[in-house]
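Structure first, then comments.
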Amino acid sequence: MFDQIFMMVLRVIHIGAGLFWVGSVFFMTRFILPAIQEAGPDGGKFAAVLMRGGRVQRAIIESAGVTIVAGLIMYVRYIVQTNGAWARSPVAMGYGVGAVAALVAFILGVTINAPAARRLQAIMGSAGGPPNAEQQAELVRLRERMASTSRIVLVLLTVAVISMAISRYL
């Protein structure tokens, strides 16, 4: 009985944190980043306020981490409970595809977007007034990098969500 409750709690945590992660990436990629780019210098001001203190990045990274850890625990428990037989099933392979897509998305977010967001924040924070031409060029480059990486991450997370949604029926 405890094992069933534990697995249900893990599943709720996995799905809840995953919803926040995917929803945040979707909203940032489809709405916030394009609006920041379209707004030009004023968008930079908004981005600086949004990214201040790293709260947004931290919340997304933490929800991704919780999603991955809860999923990994469930995956490993099923393998252990079946002496490895479950890992060879179509269901497990489907979940595995989603897990790999989510892990790659997480790695891209942490290694490309998070440092770009920190650099963007540093430039906006260090500029006493409007950014100079060099800083403005770097801001444009950073925003473009974040936007393109975010689109890739969003595709990977979509693959993960679809895999997770349909795998139990394989």
(request) Take every Cα-Cα pair in the chain and report what % of them are more than 22 Å apart. (result) 49 percent
(message) How much length would be gained if the chain were fully extended between residue 77 and residue 169, taking 0.36 nm per residue of separation minus their Cα-Cα distance, in nm to one decimal?
(response) 31.2 nm
(request) Calculate for the chain the 222 nm mean residue ellipticity that helices alone would give, adding -39,500 (n - 2.57) per DSSP H run of length 4 or more and normalising by residue count, nearest 500 deg cm²/dmol. (result) -28000 deg cm²/dmol
(request) First obtain the Kirkwood hydrodynamic radius of the stretch 70-120 from its Cα pairs, then insert it into the Stokes-Einstein equation at 10 °C and 1.306 mPa s, and state the resulting D in µm² per second as a whole number. (result) 127 µm²/s
(message) Mean Kyte-Doolittle hydropathy of -1.0 or higher plus an axial Cα length of 20 Å or more: which whole DSSP H helices in the chain meet both?
(response) 2-27, 55-81, 90-108, 133-167
(message) Shape verdict for the stretch 72-170, please, from the Cα gyration tensor: rounded (a/c under 1.5), prolate (a/b greater than b/c) or oblate.
(response) prolate
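Bear in mind these aren't lab numbers, they're just calculated from the coordinates by the rules spelled out. Note that this is a predicted model, so its numbers are computed, not measured.
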